[in-house]
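The values are calculated or read from the model by the stated rules, or taken from the named source; none is laboratory data. The model shown is predicted, which means the values in this text are computed figures rather than measured ones. Note that we place each Cβ from the backbone using ideal geometry, even for glycine, and neighbour counts take in every protein chain shown.
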Amino acid sequence: MKRFMMIGVLFFLYTLHQQDVLANDYLTYQEIVFENNGAMLLEDFNTTKMSTYYEKLRGYRFWGWTTYVAYENESVVFLKETLFVIVNEGDTAIVQSMSFKSEEDIKKQYSVTGNLGLNAAGTKAGFKLGLEQEIKYAITATATSSLEKDFEIKVNVDPYTKLVVEIRGEGKVTNGVAKYYRFYKCVRKGGWEVFVVTTEYYNIVKERIDEA
């Protein structure tokens with residue numbers, strides 16, 4: 001690559017390894033990067049870290065949850081998906097039309113490990129047994145209604161240029177561990193995580209390629 005140039009075309013959507021992880025689709029994103037280098041996703045908690053967090057849980061309960069928040073509303077940026085790539089190795093520009101649909105909302109997604117449970121997807125998505133109510137103080141973003149809008153643009157793909165169209169965004173991650181008691185007996189325990197998408201946008205990048 002000889003040089004790179006970025007098109008400032010960002011369509012913002014305002015209002016925008018120890019246990020198996022049950023989760024929504026954010027764990028399939030191509031890349032998630034924390035602004036705070038020390039923060040991490042639930043899926044990256046190892047056995048030692050889980051044990052350390054369990055030790056921080058407040059004592060036994062007759063009935064209900066004990067919880068510990070490890071990382072609270074940590075800011076992340078992510079690459080959700082690469083939609084398509086166009087490489088122009090010819091001598092004339094290619095005019096490419098693209099259609100997009102945006103959604104203005106804040107999306108919550110959930111993950112658990114151990115034998116903590118998730119409710120079905122859709123309007124009832126969330127943790128089982130009222131865990132979200134127990135930890136809601138740690139989660140500042142809430143879901144809103146969505147508003148969809150269609151739009152279309154045309155972009156020139158210059159000779160010896162590669163065009164990449166991506167979906168990127170920003171979000172907040174809160175996670176930790178929990179135990180659920182019945183008659184002073186722990187019947188469920190594991191890790192939990194809430195991933196809130198606060199902004200999502202289409203990103204169009206042009207990269208100069210070497211001539212053959």
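Results, tabulated for the structure shown:
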quantity	calculated
Any pair with Cβ under 6 angstrom, 6 or more apart, that starts in region 188-207 at a residue that is more than 24 Å from Asn73 (Cα to Cα) and ends at one that is surrounded by 23 or more Cβ atoms within 10 Å (Cβ to Cβ) and not β-branched (Val, Ile, Thr)	Arg188/Leu116; Arg188/Tyr180
So Leu131, is it within 24 Å of Val76 (Cβ to Cβ), assigned to a loop (DSSP other than H, G, I, E, B), modelled with pLDDT of 90 or more and not charged (D, E, K, R)	no
Filtered residues of region 107-124 (kept if of a type outside the set (Val, Ile, Thr) and modelled with pLDDT of 80 or more)	Lys107, Lys108, Gln109, Tyr110, Ser111, Gly114, Asn115, Leu116, Gly117, Leu118, Asn119
Test result for Thr52, within 16 Å of Asn175 (Cβ to Cβ), of a type in the set (S, T, N, Q) and surrounded by 12 or more Cβ atoms within 10 Å (Cβ to Cβ)	yes
Subset of region 60-89 [acidic (Asp, Glu) and crowded, with 18+ Cβ neighbours inside 10 Å]	Glu74
Single residue of region 183-212 satisfying the filter (surrounded by fewer than 18 Cβ atoms within 10 Å (Cβ to Cβ) and charged (D, E, K, R)) that is nearest to Lys108 (Cα to Cα)	Lys185
Residue in region 98-105 that is at pLDDT 85 or above and of a type in the set (A, V, I, L, M, F, W, C) present	no
Thr92, sole failed condition from (1) crowded, with 16+ Cβ neighbours inside 10 Å; (2) among the hydroxyl-bearing types (Ser, Thr, Tyr); (3) within 30 Å of Ile209 (Cα to Cα)	(1)
Residue among Leu57, Leu27, Leu41, Leu16 that alone is crowded, with 17+ Cβ neighbours inside 10 Å, modelled with pLDDT of 90 or more and within 25 Å of the chain's Cα centre (by Cα)	Leu41
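To keep it simple, each residue is scored yes or no on (1) modelled with pLDDT of 95 or more; (2) over 21 Å from Trp65 (Cβ atoms).
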residue: Gly126; (1), (2): no, no
residue: Thr140; (1), (2): no, no
residue: Glu152; (1), (2): no, yes
residue: Ile167; (1), (2): no, yes
residue: Asn175; (1), (2): yes, no
residue: Glu193; (1), (2): yes, no
residue: Thr199; (1), (2): no, yes
residue: Ile209; (1), (2): no, yes
